[in-house]
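Visitor: Mind having a look at this structure? Questions to follow.
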Amino acid sequence: MKIVIANNTHAKYAQIICDTIEESAKVRGTGIARRTPEYILTKMENGNAIIALEGETFAGFCYIEIWGHEKFVANSGLIVHPDFRNRGLAKDIKKAVFDHSRKKYPDAKIFGITTGLAVMKINYELGYQPVTFSELTTDESFWKGCQTCKNYDILTRTERKMCLCTGMLYDPAKKVKPKEKSRLNDKAFTRLKSIKQTLFFKKEKATTGVKTQK
Ligand SMILES: CC(C)(COP(=O)(O)OP(=O)(O)OC[C@H]1O[C@@H](n2cnc3c(N)ncnc32)[C@H](O)[C@@H]1OP(=O)(O)O)[C@@H](O)C(=O)NCCC(=O)NCCS
């Protein structure tokens with residue numbers, strides 16, 4: 001498996017990356033910010049993405065987004081093709097994109113928002129901490145990315161204070177060491193997600209009378 005910084009020679013993979021992200025979101029029945037192949041291509045051309053290939057076959061991808069004039073960066077759009085899951089590839093890609101972000105944007109805070117337990121675990125081990133949304137970027141264009149997520153109404157209803165996603169932040173000024181030994185309390189996060197779902201979806205049902213997905 002090759003894990004490298006993507007460039008324009010990887011343009012042919014932009015479509016399969018978008019398709020795999022969208023298909024996986026459908027399978028999970030979860031919200032996701034939609035990406036276009038053109039957007040993915042820009043990330044490759046700017047050296048702001050990591051791609052994993054097994055020979056010529058697409059295996060995984062993740063890219064860097066820059067917000068608030070490089071005050072914040074996000075490692076977004078993590079995807080591992082179903083054929084390559086559960087063998088530590090997401091961990092390796094995230095580590096590669098994290099190291100690349102630290103080199104290229106050494107002063108930036110690195111953050112992400114996610115509903116995925118796998119991503120929370122990986123981020124925690126890299127030294128991210130769970131934080132409230134108020135500690136993340138206020139850059140409007142970042143939050144606009146959530147508009148294509150099916151849970152966007154929850155974010156607006158809470159005035160951007162919370163959503164089903166959990167915010168996680170790595171602050172280079174705080175020098176938190178990677179947590180190889182201490183593990184994320186995944187039971188607590190699964191429980192928290194289920195509480196948020198019950199709370200937000202119940203409210204939605206009561207106000208609209210529409211049956212929503214659990
Ligand atoms: C989530 C995803 C990236 C994981 O990829 P992967 O290569 O299978 O993950 P890894 O093998 O590196 O696993 C990393 C850790 O997460 C755990 N994990 C993997 N998939 C998981 C899942 N669906 N639920 C809970 N934990 C999971 C692994 O057990 C491992 O934990 P460990 O360190 O305690 O062993 C992959 O399933 C995927 O692309 N899913 C669809 C897109 C997605 O959900 N992206 C995240 C956006 S929020």
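Visitor: Return the residue satisfying two criteria in turn: it lies in region 133-151 and is assigned to a helix (DSSP H, G or I) and modelled with pLDDT of 95 or more, and of such residues it is surrounded by the most Cβ atoms within 10 Å (Cβ to Cβ).
Guide: Among residues in region 133-151 that are assigned to a helix (DSSP H, G or I) and modelled with pLDDT of 95 or more, the one surrounded by the most Cβ atoms within 10 Å (Cβ to Cβ) is Phe133.
Visitor: Would region 41-55 turn up any residue that is under 19 Å from Trp143 (Cα atoms), in contact with a Phe, Trp or Tyr (Cβ under 7 Å, 6 or more places away or on another chain), at pLDDT 95 or above and buried (at least 21 other Cβ atoms within 10 Å of the Cβ)?
Guide: yes
Visitor: Which members of region 120-132 meet the condition of being touching a Ser or Thr at 6+ places or on another chain (Cβ under 9 Å), of a type outside the set (D, E, K, R) and part of a helix (DSSP H, G or I)?
Guide: Within region 120-132, Met120, Asn123, Tyr124 meet the criteria.
Visitor: Return the pairs, sorted by first residue and then second, in which the second residue is near the ligand (Cβ under 6 Å from one of its atoms), the first residue lies in region 72-90 and is farther than 17 Å from Cys18 by Cα, the beta carbons are less than 6 Å apart, and the residues are 6+ apart or on different chains.
Guide: Leu89/Val80
Visitor: What residue, among those in region 28-40 that are modelled with pLDDT under 85 and hydrophobic (A, V, I, L, M, F, W, C), is surrounded by the fewest Cβ atoms within 10 Å (Cβ to Cβ)?
Guide: Per the stated criteria, the residue is Ala33.
Visitor: List the number of the failed condition for Asn86; all other conditions in (1) outside any helix (DSSP H, G or I); (2) surrounded by fewer than 16 Cβ atoms within 10 Å (Cβ to Cβ); (3) at pLDDT below 95 hold.
Guide: (3)
Visitor: Then there's this: Quick one: which residue in Ile113, Ile79, Ile93 is in contact with a strand residue (DSSP E or B) (Cβ under 9 Å, 6 or more places away or on another chain), of a type in the set (A, V, I, L, M, F, W, C) and part of a helix (DSSP H, G or I)?
Guide: Ile93 is the lone residue from the list that is in contact with a strand residue (DSSP E or B) (Cβ under 9 Å, 6 or more places away or on another chain), of a type in the set (A, V, I, L, M, F, W, C) and part of a helix (DSSP H, G or I).
Visitor: Condition test on Lys91, is it more than 20 Å from Arg28 (Cα to Cα), at pLDDT 95 or above and not aromatic (Phe, Trp, Tyr)?
Guide: It is false that Lys91 is more than 20 Å from Arg28 (Cα to Cα), at pLDDT 95 or above and not aromatic (Phe, Trp, Tyr).
Visitor: Quick one: Cys62 ticks every box in (1) under 20 Å from Leu126 (Cβ atoms); (2) away from the ligand (no atom under 16 Å from the Cβ); (3) not polar (S, T, N, Q) bar one, so which box is it?
Guide: Status for Cys62: all satisfied but (2).
Visitor: Same structure, new question: Determine, yes or no, whether Ser141 is closer than 22 Å to Ile66 by Cβ, in contact (Cβ under 8 Å) with a residue 60 or more places away in the chain and either charged (D, E, K, R) or away from the ligand (no atom under 11 Å from the Cβ) (or both).
Guide: yes
Visitor: If we only count strands (runs of 3 or more DSSP E) wholly inside region 1-75, which ones have 3 or more residues that are under 30 Å from Asp153 (Cβ atoms)?
Guide: It comes to 57-67.
Visitor: Now a separate question. Considering only residues that are of a type outside the set (Lys, Arg), at pLDDT below 95 and in a loop (DSSP other than H, G, I, E, B), which ones fall in region 152-190?
Guide: Of everything in region 152-190, those that are of a type outside the set (Lys, Arg), at pLDDT below 95 and in a loop (DSSP other than H, G, I, E, B) turn out to be Thr158, Glu159, Met162, Cys163, Leu164, Cys165, Val176, Pro178, Glu180, Ser182, Leu184, Asn185.
Visitor: So the check is Cβ under 8 Å with 6+ separation or different chains; which pairs have a first residue in region 104-122 that's at pLDDT 90 or above and a second one that's among the small types (Gly, Ala, Ser) and near the ligand (Cβ under 6 Å from one of its atoms)?
Guide: Every condition considered, the pairs that remain are Ala118/Ala90; Val119/Ala90; Ile122/Ala90.
The values are calculated or read from the model by the stated rules, or taken from the named source; none is laboratory data. It should be emphasised that the depicted structure is a prediction, and the values quoted were computed from it without experimental measurement. Reconstructed Cβ throughout: ideal geometry from the backbone, glycine too, with neighbour counts over all protein chains shown.
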